[in-house]
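The next block holds one structure in the form of structure tokens; read it before the comments.
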Amino acid sequence: MTVNGTTRTRDVEPRLLLIHFIRDELGLTGSHWGCDTSNCGACVVLLDGTPVKSCTLLAAMAGGRTVQTVEGLGRDGRLDPVQQGFIACHGLQCGFCTPGMMMTARWLLDRRPDPSEEEIREAISGQICRCTGYENIVRAIRWAAGHPEGA
Amino acid sequence: MQVPSHVEYERAATVGQALELLARFGPEARVVAGGHSLIPMMKLRLAQPETLVDIAGIADLSHITAEAGELVIGALVTHAGLLDSAVAGEHFPIFHDAERVIADPIVRNWGTVGGSLCQADPSEDLSAVFSALGATAVIQGRGGARRVPAREFHVGPYETVVAPGELLTELRVPIRPGSGSAYEKVARRVGDWSVAAAGAVVRLDPPAPAGRASPGGPAVIAEAGIGLTAVGAEHFVAAEAEEFLRGRAADEATFARAGQIAAGHCRPAADQRGPVDFKRHLAGELTVRALRRAAARARAA
């Protein structure tokens with residue numbers, strides 16, 4: 001599969017989950033392994049450009065497809081506007097949900113460059129943050145939408 | 001840490017290939033598409049297939065088209081794809097009502113319509129929707145295709161008429177002019193299964209000729225379909241309420257009585273989502289609300 005622009009080839013057991021492939025085989029530990037039950041969204045990565053809970057897919061099912069993780073969000077040494085927004089608006093406390101939240105935020109802004117607060121809350125409704133109460137995450141995504149390169 | 005037990009993995013690029021692989025690996029093979037029901041069950045070891053046949057790459061099963069009076073939905077259409085489909089929403093707003101509250105946006109991106117139906121979870125929403133709509137499932141086997149009414153698709157919890165070696169390929173929904181549809185669901189939080197839900201499809205007769213009905217009076221229900229989710233309704237429908245509605249005025253009194261009938265005939269089970277009487281109450285009230293919205297949409301159609 002192509003991960004953050006690089007082709008990665010491994011022989012893996014069919015039962016290996018995508019999140020463990022990304023973290024343990026490729027060493028990309030930015031994507032977090034959370035609830036293991038498709039609920040929390042800490043493991044969200046983009047698969048062929050669309051967010052997926054990577055604890056709920058086998059790595060084999062993603063074979064030949066394109067995966068983007070939080071490590072591939074910034075470009076040319078510069079943080080993505082979404083990442084800048086999370087810094088500017090204090091969109092995280094413990095940081096565990098943050099990579100998944102940012103991947104979904106990037107996807108949302110690619111589809112809807114100027115989302116309403118309601119659209120942002122709907123987009124992240126499958127992801128759980130136990131620290132922020134979501135307020136600053138919503139602000140961070142709005143901040144990124146207002147950034148010149150946000151969308 | 002939840003890890004599936006050992007499994008073999010095969011990919012099919014066409015329906016023919018999928019059928020070949022299913023024949024080769026026998027009844028212990030399972031089809032996987034989005035995987036959003038099967039993989040969690042494998043992680044919990046509630047499902048331990050010997051072989052997975054991945055059909056996600058079959059291109060011609062992921063389209064939604066309107067043709068010859070039917071809406072055709074490929075089995076690999078994702079929940080997000082159905083929610084985003086203008087043609088589906090135009091003919092059957094019930095799909096958009098339901099998909100907005102199925103799982104969460106991330107799960108909807110990968111879970112498929114066919115996968116949900118084949119998983120046949122008793123609390124799954126689309127079974128009631130397709131049953132209310134009077135849809136037909138197209139099932140492919142090596143000997144050809146067969147068509148099964150949505151109302152006969154489920155044999156029991158987690159069991160369907162799709163036999164080992166067969167593949168659900170599409171759902172066909174008859175387009176009936178003058179119809180309206182709606183879905184109403186109560187869930188505890190985003191992403192949870194229904195506590196209870198009801199879907200309604202209503203076709204209204206054209207206004208009666210002058211002299212036979214008062215102008216502006218309620219339209220008459222020519223045909224009605226009512227689907228019920230998570231309340232133990234046989235075939236996911238409220239057949240007695242459908243029967244009652246046929247030929248009656250599309251007004252509040254009729255809807256209220258239909259709700260009572262639907263509530264009376266379902267058999268909810270008490271669980272962590274609520275006791276029996278609460279679910280029965282919801283079945284009735286949600287039936288009324290779905291009928292009200294479906295009829296309003298039929299009038300506006």
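Values quoted throughout were computed directly from the atomic coordinates according to the rules given, and no laboratory measurement underlies them. This structure is a prediction, so every number in the text was calculated from the model and none was measured. Reconstructed Cβ throughout: ideal geometry from the backbone, glycine too, with neighbour counts over all protein chains shown.
A few comments on the model shown:
- On full extension, the segment bounded by residue B:100 and residue B:296 gains 68.6 nm, given 0.36 nm per residue less the C-alpha separation.
- The largest-to-smallest principal axis extents of the Cα set in the protein assembly as shown are 78, 54, 43 Å.
- Long-range HN-HN contacts of residue A:3 with modeled amide H, under 5 Å: A:8, A:67
- Computed label-point distance, nm, for sites residue A:10 and residue A:149 using a 7 Å Cα→Cβ extension: 3.0 nm
- Rounded to the nearest 500, the 222 nm mean residue ellipticity of chain B from helices alone is -10000 deg cm²/dmol, with -39,500 (n - 2.57) taken per DSSP H run of at least 4 residues.
- Candidate aspartates and glutamates - alpha carbon under 16 Å from residue B:43, same-chain residues fewer than 8 apart omitted: A:13, A:36, B:8
- Choice from B:69, B:115, B:264 showing the highest fluctuation, given a GNM over chain B with Cα pairs closer than 10 Å: B:69
- Residue exposure sequence - B:297, B:147 - by fewest surrounding Cβ within 10 Å: B:147, B:297
- Loop GluC sites (Glu not before Pro), segment A:56-150, which have at most 10 other Cβ atoms in a 10 Å radius of their Cβ (DSSP): A:149
- Counting charges near residue B:25 (Lys, Arg +1; Asp, Glu -1) among other residues having Cβ under 11 Å from its Cβ returns a value of -3.
- Calculated [θ] (222 nm, deg cm²/dmol) that DSSP helices of n ≥ 4 give over chain A, each run adding -39,500 (n - 2.57): -8000 deg cm²/dmol
- Taking A:89, A:35, A:94 and counting other C-beta atoms within 10 Å, the order from fewest to most: A:94, A:35, A:89
- Each Cα pair under 8 Å and six or more residues apart adds its sequence gap; the mean of these over the residue count of chain B is a relative contact order of 16 percent.
- Length released on extending from residue B:253 to residue B:20, taking residue separation times 0.36 nm less the Cα-Cα span: 78.4 nm
- Distance in nm between pseudo-label sites at residue B:240 and residue A:29 (7 Å out along the Cβ direction from Cα): 6.1 nm
- Relative contact order for segment B:8-54, counting Cα pairs under 8 Å that sit 6 or more residues apart, in percent: 55 percent
- Reciprocal mean inverse distance between Cα atoms of segment B:59-174 - Kirkwood radius, Å: 14.1 Å
- Label separation (residue A:116 vs residue B:272): 3.4 nm, computed from points 7 Å beyond Cα along the C-beta direction.
- Each Cα pair under 8 Å and six or more residues apart adds its sequence gap; the mean of these over the residue count of chain A is a relative contact order of 25 percent.
- Phi-derived couplings, Karplus 6.51 cos²θ - 1.76 cosθ + 1.60 at θ = phi - 60°, listed residue by residue for segment A:120-130: 5, 4, 5, 4, 9, 5, x, 10, 10, 10, 9 Hz, with x used for Gly and Pro.
- Environment charge at residue A:9 (Cβ cut-off 14 Å; Lys +1, Arg +1, Asp -1, Glu -1): +1
- Legend: calculated FRET efficiency, residue A:66 to residue A:93, from the Cβ-Cβ distance at R0 = 30 Å, rounded to 0.05, equals 0.45.
- Over segment B:14-114, the fraction of Cα-Cα pairs per 10 Å bin, rounded to whole percents and listed from the shortest bin up, is 15, 39, 31, 14, 1.
- Over all Cα atoms in chain B, the spread is summed up by Rg and Dmax: 19.8, 73 Å.
- All Cα pairs of chain A, percent lying beyond 27 Å: 19 percent
- Karplus-derived 3J(HN,Hα), 6.51/-1.76/1.60, for each residue of segment A:36-46, Hz, glycine and proline x: 6, 10, 6, 9, 8, x, 5, 9, 5, 10, 8
- Set of lysines near residue B:279 by C-alpha distance (under 27 Å), chain-local residues within fewer than 8 positions excluded: B:185
- Order of B:169, B:287, A:29 under a 10 Å beta carbon neighbour criterion, fewest first: A:29, B:169, B:287
- Principal-axis analysis of the Cα atoms of chain B puts helix B:276-300 at an angle of about 70° to the longest axis.
- Computed from backbone phi, the HN-Hα couplings of segment B:263-272 come to 5, x, 9, 8, 10, x, 10, 6, 8, 5 Hz, rounded to whole numbers (Karplus: 6.51 cos²θ - 1.76 cosθ + 1.60, θ = phi - 60°; Gly and Pro given as x).
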